Amino acid sequence: MEHYVKIARELLKKHAVAITVAVAAGASLLALRRWLAGRVCRSKASLNGKTVLITGANTGLGKETALDLAQRGARVILACRDLTKASMAADYIRRKSGNNNVVVMKLDLASLKSVRELASQVINSEERLDILINNAGIMMCPKWKTEDGFEMQFGVNHLGHFLLTNLLLSMLKSSAPSRIVIVSSRAHEKGSIHFNDIHLDENYQPDVSYRQSKLANVLFCRELAIRLKGTGVNTYCLHPGVASTELGRHLFPTSLWKNLLLIPFLMMIKTPREGAQTSIFCAVDESLATSSGLYYSDCAVTCPAPAATDNGIAKRLWALSASLVELE
C-alpha cells in the first residue's frame, strides 16, 4: 500500500503544473457554462384557476414553459401544428407536473384559416384566457410561402401571431389582469422592415428574413402595449438566449462529422429549460404587473435596438399587418 502511495505522490509532483492547469481550466469552463445559462425565474407565483395558451409548445422552449406553468396549477393549452408530437408533449407534461388540465389544440401559423379556427375554438370552449405566449417560430428556412402567399418566416413568426393575438384580445381583456408574451430574438438588432418588399421577393436571404420577423415581434409588442393601455392587458417581448432547440433545424448541417464538431458549441449554449426562463419570468413574475411594452433578456428588462423603439415604424407595421391578414 505504501508503495502505491509513494508512486502517486511522485506522479503528483511530476505533473503538478499540468494537473493545476487542468483543474483551473475545468473550473473556468464550469463558471462559463453557469454564466451562459443565464438567470432563473425565481417567482413562486401560483396559476391556479388561470388559463394559458402557448404556441409551439410541443418541443423546446415552449414545452419547458408549458411544463413550468402546469406545475404552477394553470390550465395549459398547447397550440401546435403537429398534433401527434403535441399529444406526446401533453402526456409528458401531465405526468411530470401532476396536472391533468393540459390540452392540445390544432394551430398552423402558416395558415390564416387555421389561426381563425383556433381562435374560434378557444373563444367557444374556454371561460377565460389569462396568459398568451407567442412562442412558435421558424428560423433560416429556404424561400417558402405560407398558405396565404406570405414569406414563411414573416408569415409564421409575425403575421400568424399578430392575427391570433388580435382575435383573442376580447378574452384577454375580460380575464384581466392578463399578459401577452412574445418570444423574439437578439437577431432583431440587425433587422429592418422592408416595407417596399415585405416578402423579400426581389432578394430573399434567410438571415435577412429572420431578422425582419424578429424586429416585427418587438415592434408589435410596443404598439400593442400602447393600444391596450388601461385595459389590464400587459405585453412583454423577450430574447430567450441561444438554446439547443429544433429552431435551428435549417441552420445546422446534417452530416455526422460536422455535427460532431458542433458538440463543444452545443455544450456551451442554453438547454431548453434554461432558455425558457425569461418566457416564464414575463408570464408570471409579480414585479412586472405594472410593466408593458418592454423588452427582456435573462429575466431582466433591457434595451432593444433603436429601430425597435420607433413608434412611427411600429404604427406603419401594424397597418400593413392588419391589411395583409384582413383584420376587421
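The values are calculated or read from the model by the stated rules, or taken from the named source; none is laboratory data. Please read all numbers here as calculations on a predicted model, not as lab measurements. Every residue, glycine as well, gets a Cβ built from its backbone with ideal geometry; the counts of neighbours run over all protein chains shown.
Can you pull out the residues in the range 271-287 that are surrounded by fewer than 19 Cβ atoms within 10 Å (Cβ to Cβ) and part of a helix (DSSP H, G or I)?
ARG273, GLU286, SER287
Taking the range 48-93, which residues are out of contact with any Gly (no Cβ under 8 Å at 6 or more places or on another chain) and acidic (Asp, Glu)?
Passing the criteria: ASP68, ASP82, ASP91.
Can you pull out the residues in the range 150-187 that are touching a helix residue (DSSP H, G or I) at 6+ places or on another chain (Cβ under 7 Å), within 24 Å of SER125 (Cα to Cα) and not in a helix (DSSP H, G or I)?
Matches in the range 150-187: LEU168, SER178, ARG179, ILE180, VAL181, ILE182.
Name the single residue, out of those in the range 194-223 being part of a loop (DSSP other than H, G, I, E, B) and not aliphatic (A, V, I, L, M), that is nearest to ASN311 (Cα to Cα).
The extreme case among them is HIS194.
Which number in (1) modelled with pLDDT under 95; (2) within 24 Å of VAL208 (Cα to Cα); (3) of a type outside the set (A, V, I, L, M, F, W, C) marks the one condition that ASN259 misses?
Condition not satisfied by ASN259: (2).
Any chance you could count how many residues in the range 169-191 are surrounded by fewer than 21 Cβ atoms within 10 Å (Cβ to Cβ) and closer than 20 Å to LEU320 by Cα?
Selection size over the range 169-191: 1.
Could you say whether any residue in the range 76-86 is in contact with a helix residue (DSSP H, G or I) (Cβ under 9 Å, 6 or more places away or on another chain), among the hydrophobic types (A, V, I, L, M, F, W, C) and under 17 Å from SER178 (Cα atoms)?
From the range 76-86, those in contact with a helix residue (DSSP H, G or I) (Cβ under 9 Å, 6 or more places away or on another chain) are 76-81; that's our starting set.
Subset that is among the hydrophobic types (A, V, I, L, M, F, W, C): 76-80.
Then keep just the ones that are under 17 Å from SER178 (Cα atoms); that gives 76-77.
Yes, the range 76-86 contains at least one residue that is in contact with a helix residue (DSSP H, G or I) (Cβ under 9 Å, 6 or more places away or on another chain), among the hydrophobic types (A, V, I, L, M, F, W, C) and under 17 Å from SER178 (Cα atoms).
Among what's in the range 192-233 and is among the acidic types (Asp, Glu) and surrounded by fewer than 19 Cβ atoms within 10 Å (Cβ to Cβ), pick the residue that is nearest to SER170 (Cα to Cα).
ASP197
Name the single residue, out of those in the range 71-87 being in a helix (DSSP H, G or I) and not charged (D, E, K, R), that is surrounded by the fewest Cβ atoms within 10 Å (Cβ to Cβ).
If we take residues in the range 71-87 being in a helix (DSSP H, G or I) and not charged (D, E, K, R), then THR84 is surrounded by the fewest Cβ atoms within 10 Å (Cβ to Cβ).
Looking only at the range 88-142, filter to residues that are in contact (Cβ under 8 Å) with a residue 60 or more places away in the chain, of a type in the set (A, V, I, L, M) and in a loop (DSSP other than H, G, I, E, B); which one of those is farthest from GLY155 (Cα to Cα)?
LEU129
Only one of these is within 21 Å of PHE150 (Cα to Cα), of a type in the set (A, V, I, L, M, F, W, C) and modelled with pLDDT under 95: LEU200, LEU247, LEU215, LEU219. Name it.
LEU247
Pairs only if they're at least six apart or on different chains, beta carbon under 8 angstrom, first in the range 45-70 and under 22 Å from THR271 (Cα atoms) and in a loop (DSSP other than H, G, I, E, B), second modelled with pLDDT of 95 or more and among the polar types (S, T, N, Q); list them, first residue then second.
So the pair list comes out as GLY56/ASN135; ALA57/THR65; ALA57/ASN135.
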